[in-house]
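Remarks on the structure that follows.
Quick note: the coordinates plus some simple rules give every number you see, no bench work behind them. What you see is a predicted model; the values in this text were computed from it and never measured. Every residue, glycine among them, receives a Cβ derived from its backbone with ideal geometry; neighbour counts consider all protein chains shown.
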Amino acid sequence: MNATLETIHKIMRNMRAQIGTQEAAVAAIEAYGGRGAHLSLLSRKIHGSAEWTIADMMAFQSATGSTALTDYLIAEISEGMKGKTIRQAVNILAQSAVCSKECGEAISAAITCDDGDDEATSDALVEIAEARAALDKLEAAVKAKVSDGRLRAIGGSR
């Protein structure tokens, strides 16, 4: 578990303890609108074998009156956005997600085409082209962040 998720987990466990019983915590999640809340799932979340949902987080904050989780997330986001406008950060994040999807599809298609089927090979080439286009858009988004319009020389940069 990375440090951010570990901190979120600790905050959630602390808020869960503030609520009282497991049953009260499940009731808080259900009252907030969390679907599928039950004791066994909450237990797995507390022990780290299942992940907390946004509904869990909001329910626990509402039930405890604590803003510790929101405060932590704002600090994390602010740290990650140093030197970026909100629009740049969102664009980079959104394009990164697209790249992840497209590159995964390209890799999957390339592995599939190893059987030698012409259609599979053609599909792989299309997926690779889509991944390359997504990476080009991500590169443009990252370059747009440079405030003075100059990039220092980076190996392989276009």
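Below is a table of values for the structure above.
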| read-out | value |
| --- | --- |
| Extension gain (nm, one decimal) between Ser66 and Asp114, 0.36 nm per residue minus Cα-Cα | 11.9 nm |
| In order through the stretch 93-108: 3J(HN,Hα) via Karplus (6.51 cos²θ - 1.76 cosθ + 1.60), integer Hz, x for Gly, Pro | 5, 4, 5, 4, 5, 4, 4, 4, 5, 5, 5, x, 5, 5, 5, 4 |
| Label-point separation, Ala75 to Ala24 (7 Å along Cα→Cβ), nm | 2.7 |
| J(HN,Hα) series, the stretch 14-28, from Karplus relation 6.51 cos²θ - 1.76 cosθ + 1.60, nearest Hz, glycine and proline x | 5, 5, 4, 5, 5, 5, x, 6, 4, 4, 5, 5, 5, 4, 5 |
| Sequence-distant residues sharing a close amide H with Ala37 (under 5 Å, placed H) | none |
